[in-house]
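See structure below.
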Amino acid sequence: MGSLEAPSTAENNGSTTPAPTSNGGDQKPSVSANGVSPPPTVMAQESEASRKRRASMLPLEVGTRVMCRWRDGKYHPVKVIERRKTNYGGPNDYEYYVHYTEFNRRLDEWVKLEQLDLDSVETVVDEKVEDKVTSLKMTRHQKRKIDETHVEGHEELDAASLREHEEFTKVKNIATIELGRYEIETWYFSPFPPEYNDSLKLYFCEFCLNFMKRKEQLQRHMRKCDLKHPPGDEIYRSGTLSMFEVDGKKNKVYGQNLCYLAKLFLDHKTLYYDVDLFLFYVLCECDDRGCHMVGYFSKEKHSEESYNLACILTLPPYQRKGYGKFLIAFSAYELSKKEGKVGTPERPLSDLGLLSYRGYWTRVLLDILKKHKGNISIKELSDMTAIKAEDILTTLQSLELIQYRKGQHVICADPKVLDRHLKAAGRGGLDVDVSKLIWTPYKEQG
């Protein structure tokens, strides 16, 4: 499932801070216990011993844990995921691909040796032993908190499959893309065709989503490309916002290119090369130059599990503007209401997708409960909102607005408690003007 909003730590746009000295920080003269600095010869011996110790560590092994200077100028713990020799320097000159253990994998990156504090190097540990020890140390409450706050969208994967996935996708193959007027840092690996393996940057046509290795290729393509919007039917237009429905069977190349693009920002998305079974709904900002992609969601044409959404993404330049909530409202529920059925997003949800959906469900349900007079059941809420009963139940339980009495769930909606939750939920994002939606469900189209 897709990502809707980026963490604030990712908003630095990839800027870097001045590199620290090779020892990972400012050197300070050593002082003995009585406050007197040791003689220069002692300091020289210590410095030489320290230099030899650091030299013996290089190159750092994959799996090494060390402190690394990040773009905020501070040092954070990292794990070395991969290494590669630089095109200059001696036999020990490597760059290192590191994972910041405090942050999501989307912030993994290549760093130079100067950014690492070699005095903080830890020996390589056996992952299985470490996981077991960490698990034993954690309390049941701590485990639950981690499960709740660090959902990565891989609940359906067993341990072996997860390790295989992370091994295959551990290093980002494309560092940046150019899409329209934006240059965007990527977050994750995407399985582009082999001929693009040596490309750190790709150039996308923002209308047909064809991608190229060089800027000149894109410029030539743009002179020939006739499209000024996604290749589908416009089903919604309100002001400068438009939504296009693209049939994966009719526009196979576009659907595949959209999946390649989306995978750069979604960690555990399954990439479907057979896009015939899917409909893609592409949200655009429109101006006199054309319709520029903001984000999208996809759904299966026929879902036996009543999924009303397969994947969802707001592109990084457009995040934190309410588009994610708009896509959820449009995808999950306005279309479901038109179809006359309740639905739920396909599992697993990504970390950001889960937060966004919980936020949406919370706001919708609180608004109804605040306005409603008298008792209301979960089934009635489901009929009114097109939200699946199970999602309503878990949302109300997380808000502690439901109790189990005499064999049934009872909603307890104290007005003051509702106001407090509404204030915490924040704004609801952009509204969908249903009067501007012109759409026929796929089965009726057939």
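The values are calculated or read from the model by the stated rules, or taken from the named source; none is laboratory data. Just so it is clear, the model here is predicted, and its values are computed rather than measured. Virtual Cβ from ideal backbone geometry, glycine too; neighbours counted across all protein chains shown. We work out accessible area using only protein heavy atoms, side chains counted, and drop any ligands, DNA or RNA first. Shrake-Rupley method; radii C 1.70, N 1.55, O 1.52, S 1.80 Å.
Would you mind checking the pairs Lys79/Lys170; Lys85/Lys215; Lys85/Lys112; Lys299/Lys338; Lys370/Lys436 and listing those with alpha carbons more than 18 angstrom apart? Beyond 18 Å between Cα atoms: Lys85/Lys215; Lys370/Lys436.
All other residues whose Cβ lies under 13 angstrom from that of Val432 are scored, Lys and Arg at +1 and Asp and Glu at -1, for a net of +2.
Ordering 282-290, 96-104, 398-406 by mean Cβ neighbour count within 10 Å, with the highest value first, yields 96-104, 282-290, 398-406.
For the range 214-262, rounded, prolate or oblate, judged on the Cα gyration tensor with a ≥ b ≥ c (square roots of eigenvalues), a/c < 1.5 rounded, else prolate if a/b > b/c? Taking the square roots of the gyration eigenvalues as a ≥ b ≥ c, the range 214-262 is oblate. Computed from backbone phi, the HN-Hα couplings of the range 210-223 come to 5, 10, 9, 7, 10, 4, 5, 5, 5, 4, 5, 4, 5, 6 Hz, rounded to whole numbers (Karplus: 6.51 cos²θ - 1.76 cosθ + 1.60, θ = phi - 60°; Gly and Pro given as x). One way to sum up the overall shape of the range 227-347 is the equivalent ellipsoid from its Cα gyration tensor, whose semi-axes run 20, 17, 15 Å, largest first.
Cys284 sits among other residues whose Cβ lies under 11 Å from its own Cβ, and their net charge, with Lys and Arg +1 and Asp and Glu -1, is -2. In this structure, the amide hydrogen of Lys388, modeled 1.01 Å from its nitrogen in the peptide plane, lies closer than 5 angstrom to those of Gly343, counting only residues at least 5 positions away or on a different chain.
Counting only protein heavy atoms and using a 1.4 Å probe, the accessible area of Ser56 comes to about 90 Å².
Among 191-202, 300-311, 236-247, sorting by the average number of other beta carbon atoms lying within 10 angstrom of each residue, highest first, gives 236-247, 300-311, 191-202.
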